[in-house]
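Right, one structure below, let's go through it.
The values are calculated or read from the model by the stated rules, or taken from the named source; none is laboratory data. Remember, it's a predicted structure, so these values are computed and weren't measured experimentally. Heads up, the Cβs are rebuilt from the backbone with ideal geometry, glycines too, and the neighbour counts pull from every protein chain shown.
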Amino acid sequence: MKKWLLAAAAAVFACSLRLPAQAQPLAVTRGTLPNGLQVVVVHDPLAPVVTAVLNYRAGSDVQRYPGEAHALEHMMFRGTPSISQTQLFEIGQLMGGDYDADTQGELTQYYFSVPAQYLDVALHMEADRATHLDLSPSGWHAERGAIEQEVTQDDSVALDKLLLRTVLPAIFKGTPYANDTLGTLESFNTKISAPVLRSFYQTWYHPNNAVYVIAGNVDGPSTIAKVRRYFGAIPAAKLPARPRVVLSPVHPATYHVDSDQPYSLVAIAFRTPGLNDKDYAAAQIAEAVLNNQRGDLFGLVVSGKALFAGVQDIESHPRATATALFSAIPVTMSAQASAADLRSVIAAYRKNGLPADLVQTEKQRALAQAQFRGNSITGLALEWSQDLAQSGQTPDEQLAAIQAVTLDDVNRAFRRYFDPNAAIVAYAVPKNAGAVNSGASGPAQENNTLTPSKAQPLPAWAQAAFAAPRVPAQTLHPAAMTLSNGVQLIVQPETVTRTVVVQGRIATNEAVQAPPEKLGVADIAAGLFPFGTEQYSRVQLREELDKIAADVQAGSDFSLRVLSSNFDRGVALLADEELHPAFPEQAFGIVKQQEVGQLTGQMTAPDHLTSVALNKALYPATDPLQKFATPQTASAVGLPDVKAYYSTAYRPDMTSIVVIGDVTPEQARATFEKYFGAWKSQGPKPDVALPSVPRNAPGAADVPDVGRVQSQVQLAQVLGLKRSDPDWAQIAVADNILGGGGFGSLLMDDLRVAHGYVYGAYSALDSRRNRSTFTIGYACDPDKIVPAQRLAIADLRSLQNGSVSPARLVRAKSMLMSDVPLRLQSFDGVGHELIGFAALGLPLDQAWIDASRELEATPLSVQTALKKWIDPAAFVRVVQGPAPK
């Protein structure tokens with residue numbers, strides 16, 4: 001089920017510019033099978049990975065009961081007569097990668113993102129469940145518990161509840177778009193049954209109602225031939241008429257909800273043109289103008305009236321879109337005043353029109369940004385799926401529509417659709433208790449009884465595909481060098497697009513490098529970077545970036561996205577913002593006030609209190625993680641403190657930079673030496689790594705969370721394991737078997753499938769230079785917290801006692817081998833991997849070193865490492881939400 005995401009910062013867009021010659025477009029092969037199945041293959045050779053997305057044009061718009069389409073989505077993973085649920089999970093795990101589904105208004109999407117060698121396996125599985133789904137009453141009875149857990153979990157998130165249950169129904173009232181996609185407990189218990197789901201399946205799940213998009217390092221014609229082999233015999237079917245969409249006027253309304261976040265959120269929502277509306281492209285440009293950092297909406301941020309302000313589409317449909325202006329403000333500010341600020345921005349633009357130069361900027365920016373499409377295989381597949389399956393248009397056709405709009409089109413669309421007399425206003429204001437309660441140190445008793453795994457032999461075609469896991473071929477060959485001032489520069493040339501992405505990281509630690517009474521200085525310094533440089537004012541700097549369509553972010557983590565033809569100028573502007581910030585006094589007062597206000601809300605926020613409770617239980621009182629900023633410490637920060645912190649913490653000899661894209665190592669070195677070479681370090685090089693710590697004692701804490709029905713549970717402990725230790729690979733294998741492997745892991749088998757205690761459960765290993773943390777997590781109803789904990793600990797003990805089955809070990813190895821190329825299927829993934837290894841002082845080919853060690857793991861080596869590093873009796877349990885019953 002798709003989860004709602006809000007943008008974390010306003011978008012940066014480009015001004016008018018001369019575009020270079022377009023990059024060679026990615027090869028797109030399209031075909032339609034005789035049964036009506038549309039197939040699109042987009043060749044992207046970035047990594048040996050493929051993402052296959054089967055889009056059925058049936059979502060909540062055609063359902064009879066709330067959540068009906070969503071329920072069928074869940075049942076698609078319950079197996080068929082020829083591939084049981086157990087086998088489906090087993091094969092999915094063996095392929096590694098990511099496989100899941102998503103229910104929307106007009107679509108239900110099923111996707112596999114896997115190493116390219118497993119495309120045939122993914123196609124075979126998808127074709128089988130396209131025709132022979134097992135929709136038994138017993139299967140629905142078992143799955144209903146899991147989907148009810150999901151509903152309860154989502155309804156525990158204030159923002160999700162506000163949007164799903166109030167704003168969207170008000171925007172789309174009286175249309176199929178207002179249908180409840182998620183579903184309700186009442187609907188799942190009294191309306192939906194196995195026969196109901198079979199009827200939905202037999203009515204809508206047909207090849208002539210589907211679009212298959214496959215992107216990655218695969219050949220177009222041969223891939224379409226494979227799809228024909230697996231799907232060609234599935235017959236087409238007559239489809240019923242879809243419900244009519246009749247749009248009535250939106251009546252203004254206001255909604256309120258208690259939030260558990262550390263800030264207040266204000267939204268003003270409008271119904272804007274749908275994907276197939278002639279005004280859609282003009283409305284999209286209008287939204288982009290509103291998000292431009294030279295515009296009045298971002299002006300609310302730089303004037304101190306908001307922590308964030310921007311516009312975003314909440315949900316898009318062919319005939320209508322729900323769009324909202326959002327503002328996040330400190331709890332010390334008035335939400336009603338923030339709403340008035342948003343209205344004033346809308347009113348001024350409606351009166352005076354949107355700036356002509358920014359409209360041209362956004363048209364040019366859209367054209368430039370199209371070149372970045374090929375920098376993520378999964379992103380490419382999802383973009384094509386969303387555009388083609390929902391609107392019937394390709395991304396290029398939508399881009400052409402944007403290029404055709406005029407200033408008059410944009411202003412007309414803005415004035416028509418962003419009408420304050422047809423707006424829905426929503427407030428999510430914190431109501432946090434600010435309390436942490438002591439909890440019982442552990443479950444009342446231990447239960448070592450496990451539900452036995454019902455392993456089934458895989459079909460012959462699947463066994464052949466996974467006969468011998470092997471270390472994947474090494475696809476990265478970065479050039480590593482050190483600049484004259486100590487900057488570590490890593491360059492990975494990629495020519496799939498004519499773009500360059502830069503990721504930089506300065507190793508800093510405020511808890512070590514700032515006075516305790518001035519904590520908060522690091523965030524205040526970071527907040528001042530957007531206010532200009534010694535050479536350019538804030539607006540001038542954005543204008544310069546706009547001229548070359550560059551996105552830049554400065555700070556201890558910094559980045560650049562730019563067309564390769566503008567690489568030199570992009571690095572120059574990145575260096576100017578990163579190395580020569582203006583730190584103006586007026587801006588300092590604004591940013592400091594925002595930081596104090598944000599921290600005021602954070603002090604009582606459940607997320608923060610949960611983090612504090614965990615750190616207090618896990619680490620010594622003197623540990624850096626026990627230190628955090630407060631409103632009092634931030635209030636004590638002066639502008640000289642900010643400048644002093646910047647001059648000592650921002651050092652070239654603590655900096656790693658990764659460059660990925662259409663650039664040579666020699667070119668990158670010369671450019672960064674030119675613009676970053678004069679940067680010098682002051683004083684001795686600090687040690688900012690977190691120190692080694694002793695094992696923690698067991699403990700428990702409960703953090704109340706207003707409005708949360710379900711509880712979020714974390715079981716955590718500190719390990720002395722260093723990331724460089726050879727045992728790390730053995731614990732990684734164990735983690736995958738226990739819960740890191742998703743569906744089919746021990747935790748999911750026992751906590752969800754066998755007992756229905758939770759919707760999801762996981763384990764995670766977080767490793768640093770000198771320490772690690774091992775966590776088991778799940779969300780459940782309060783009365784399931786202790787039973788789920790007992791079962792999770794029992795699963796862990798079973799692994800320590802030697803019950804690592806050969807089948808689970810092979811699956812874990814296959815997943816971990818597959819995970820290597822999957823992490824590298826995007827420029828961002830490559831950058832994250834390389835800069836992470838550099839920051840930890842590891843070899844840049846550490847991924848393949850890990851893979852070799854993981855492949856050599858045996859049941860005994862995994863058992864030995866688990867016994868050495870993890871103590872089942874030493875977990876700290878922190879519950880966020882209702883306390884255990």
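Things worth noting here:
- Breaking point among (1) surrounded by fewer than 22 Cβ atoms within 10 Å (Cβ to Cβ); (2) touching a residue at least 60 places away in the same chain (Cβ under 8 Å), for Ala210: (1)
- Within the range 621-636, residues that are modelled with pLDDT of 95 or more sit with their Cβ atoms under 7 Å from residues that are among the hydroxyl-bearing types (Ser, Thr, Tyr) and not in a loop (DSSP other than H, G, I, E, B), at 6+ positions apart or across chains, in these pairs: Pro631/Thr600.
- The lone criterion from (1) surrounded by fewer than 21 Cβ atoms within 10 Å (Cβ to Cβ); (2) on the phi > 0 side of the Ramachandran plot left unmet by Gly183 is number (1).
- Lone unmet requirement of (1) under 22 Å from the mean Cα position of the chain (by Cα); (2) assigned to a helix (DSSP H, G or I) for Asp128: (1)
- Considering the range 324-340, the residues that are crowded, with 21+ Cβ neighbours inside 10 Å and in contact with a helix residue (DSSP H, G or I) (Cβ under 6 Å, 6 or more places away or on another chain) include one that is farthest from Ala401 (Cα to Cα), namely Val331.
- Scanning the range 64-95 for residues that are under 23 Å from Gln149 (Cβ atoms), in a loop (DSSP other than H, G, I, E, B) and in contact with a Leu (Cβ under 9 Å, 6 or more places away or on another chain) turns up Pro66, Gly67, Met76, Phe77, Arg78.
- Lone qualifier among Leu639, Leu625, Leu609 - being of a type outside the set (Phe, Trp, Tyr), more than 31 Å from the chain's Cα centre (by Cα) and either closer than 25 Å to Lys518 by Cβ or not assigned by TED's automatic domain parsing to the domain that holds Gly570 (or both): Leu639
- Total residues in the range 145-178 satisfying the condition of being touching a residue at least 60 places away in the same chain (Cβ under 8 Å), assigned to a helix (DSSP H, G or I) and not β-branched (Val, Ile, Thr): the figure is 18.
- Number of residues in the range 601-654 that are out of contact with any Ser or Thr (no Cβ under 9 Å at 6 or more places or on another chain), among the basic types (Lys, Arg) and buried (at least 21 other Cβ atoms within 10 Å of the Cβ) equals 0.
- If you filter the range 186-207 down to residues that are in a helix (DSSP H, G or I) and charged (D, E, K, R), you find that the one that is surrounded by the most Cβ atoms within 10 Å (Cβ to Cβ) is Arg198.
- Residues considered: Ser222, Ser199. Of these, the only one that is among the polar types (S, T, N, Q) and closer than 24 Å to Asp102 by Cβ is Ser199.
- Looking across the range 538-553, the residues that are assigned to a helix (DSSP H, G or I) and either buried (at least 23 other Cβ atoms within 10 Å of the Cβ) or in contact (Cβ under 8 Å) with a residue 12 or more places away in the chain (or both) come down to Arg538, Val539, Leu541, Arg542, Glu543, Glu544, Leu545, Asp546, Lys547.
- All conditions in (1) more than 30 Å from Met125 (Cβ to Cβ); (2) surrounded by fewer than 21 Cβ atoms within 10 Å (Cβ to Cβ); (3) not β-branched (Val, Ile, Thr) hold for Ala514, with the sole exception of (2).
- Scanning the range 141-179 for residues that are modelled with pLDDT of 90 or more and in contact with a His (Cβ under 9 Å, 6 or more places away or on another chain) yields a total of 6.
- Against the test of being over 21 Å from Leu72 (Cα atoms) and within 29 Å of the chain's Cα centre (by Cα), the options Leu162, Leu123, Leu182 yield a single qualifying residue, Leu162.
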